[in-house]
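The values are calculated or read from the model by the stated rules, or taken from the named source; none is laboratory data. Remember, it's a predicted structure, so these values are computed and weren't measured experimentally. Glycine gets a Cβ as well: all are built from the backbone with ideal geometry, and neighbour counts include every protein chain shown. To get the accessible areas, we keep the full protein, side chains included, count just its heavy atoms, and leave off ligands, DNA and RNA. Shrake-Rupley method; radii C 1.70, N 1.55, O 1.52, S 1.80 Å.
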Amino acid sequence: MRCLLVTGHRLPKFYKANGEVVEVELNYIESKIVAEIDEEGVLSYTIFGGTPPTVRNLWMVDSIEKSLVKLSTHDVFPYKSKLAAKENAKRLGLQTFKYIPVP
């Protein structure tokens, strides 16, 4: 899964590929409904709620696509995988960082 490197703040700042930190205002939300169909064809809804930026590996923004576009205008892009993000963080000498999973 792709991911973003962020600071540890409650509303995080984002790391660019060169290690520079940038603050981007996104539309965070406090709950999200996820609809899924199981192997028997039964549709169920799960409500996730909590403190942004992530809840149970869900990025708590109103629109992931709009958020990624907004971040790209600030030269912030997701890494191909968590391993790629971790290796780049080590290469850049980042001491503290977190990941935001991006589908």
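Return the residues of the stretch 76-96 that are open to solvent by 60 Å² or more (accessible area, probe 1.4 Å), in contact (Cβ under 8 Å) with a residue 60 or more places away in the chain and within 24 Å of E65 (Cα to Cα); say none if nothing qualifies. The answer is F77, K80, K82. No other residue among E30, E87, E39, E65 is farther than 19 Å from R2 by Cα, of a type in the set (D, E, K, R) and modelled with pLDDT of 95 or more apart from E39.
When V24 is tested against the conditions (1) in contact with a His (Cβ under 8 Å, 6 or more places away or on another chain); (2) assigned to a strand (DSSP E or B); (3) not basic (K, R), the lone failure is (2). Against the test of being touching a helix residue (DSSP H, G or I) at 6+ places or on another chain (Cβ under 9 Å) and of a type in the set (V, I, T), the options V61, V34, V42 yield a single qualifying residue, V61. Against the numbered list (1) within 17 Å of Y28 (Cα to Cα); (2) open to solvent by 90 Å² or more (accessible area, probe 1.4 Å); (3) of a type outside the set (G, A, S); (4) under 11 Å from the mean Cα position of the chain (by Cα), M60 comes up short only at (2).
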